[in-house]
Amino acid sequence: MPSTHLSLHVHVVFSTKDRINRIAPAWRDRLHGFMGGVARTSHAVPEAIGGVGDHVHLLLGFKATTSLADLVRDVKSVSSRWVHEEIGDRGFTWQEGYGAFTVSPSQRETVKDYIARQDEHHRRRGFQEEYVELLRRSGVEFDERFLW
């Protein structure tokens, strides 16, 4: 085959350090837009980005040469620096880890809708409950003692 064909979509989730509500509604959309720009610069396709005060969700399309770990590292470090410089919150930091879940093409629209409705979703459930459910639904083994 003379070329590479790839359909790889990943739902990435990570929170602010200690899951503190630091992402204010007043600048949240700007942050999400900036994160999308970082993803594009890192050779990924941002399909949806959203979240609430203590975490973000990104649905990203990957190219064959894109490294998930490098991409997440870049998005987190560059966006954290943006918050320090543009928003003036010098104490803002993302948590060290992240969750990443593959998404089949048939579920992309469902995940996009889920990401778009984070405000509504989190009126009923917190981040920790949501994250544990994502892990379980994805078949990821974990020890709850080491999640938080």
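General remarks:
- Selection within the range 1-55 - farther than 15 Å from Trp82 by Cα and basic (Lys, Arg): Lys17, Arg19, Arg40
- Scan of the range 65-102 for residues that are of a type in the set (Val, Ile, Thr), within 15 Å of the chain's Cα centre (by Cα) and part of a helix (DSSP H, G or I), ordered by number: Val72, Val75, Val78
- Failed criterion for Gly61 (all others in (1) among the small types (Gly, Ala, Ser); (2) in a loop (DSSP other than H, G, I, E, B); (3) surrounded by 12 or more Cβ atoms within 10 Å (Cβ to Cβ) hold): (2)
- Condition broken by Arg22, with the remaining ones in (1) more than 25 Å from Ser138 (Cα to Cα); (2) in a strand (DSSP E or B) satisfied: (2)
- Taken together, the residues in the range 86-119 that are among the aliphatic types (A, V, I, L, M), crowded, with 16+ Cβ neighbours inside 10 Å and either farther than 15 Å from Pro46 by Cα or out of contact with any helix residue (DSSP H, G or I) (no Cβ under 7 Å at 6 or more places or on another chain) (or both) amount to 3.
- Filter result (buried (at least 20 other Cβ atoms within 10 Å of the Cβ) and over 14 Å from Val72 (Cβ atoms)) within the range 37-47: Glu47
- Yes/no for Ser7 being over 14 Å from the mean Cα position of the chain (by Cα), in a loop (DSSP other than H, G, I, E, B) and in contact (Cβ under 8 Å) with a residue 12 or more places away in the chain: yes
- Test: Asp89 is touching a residue at least 60 places away in the same chain (Cβ under 8 Å) and acidic (Asp, Glu): yes
- Considering Thr65, Thr102, the condition of being in contact with a strand residue (DSSP E or B) (Cβ under 9 Å, 6 or more places away or on another chain) and of a type in the set (Ser, Thr, Tyr) is satisfied by Thr102 alone.
- All positions within the range 51-65 that are closer than 16 Å to His32 by Cα and free of Cβ contacts under 8 Å to residues at least 40 places away in the same chain: Gly53
- Which listed residue is modelled with pLDDT under 95 and over 27 Å from Gly139 (Cβ atoms), from His32, His43, His84: His43
- Restricting the range 105-119 to residues that are among the polar types (S, T, N, Q) and without any contact (Cβ under 8 Å) to a residue 12 or more places away in the chain, the residue that is nearest to Leu31 (Cα to Cα): Thr110
- Residue check, Pro2 without any contact (Cβ under 8 Å) to a residue 24 or more places away in the chain and crowded, with 17+ Cβ neighbours inside 10 Å: no
The values are calculated or read from the model by the stated rules, or taken from the named source; none is laboratory data. Fair warning: this is a prediction, and the values are worked out from it, not measured in the lab. Please note: Cβ atoms are built from the backbone with ideal geometry, for glycine as well, and neighbour counts cover all protein chains shown.
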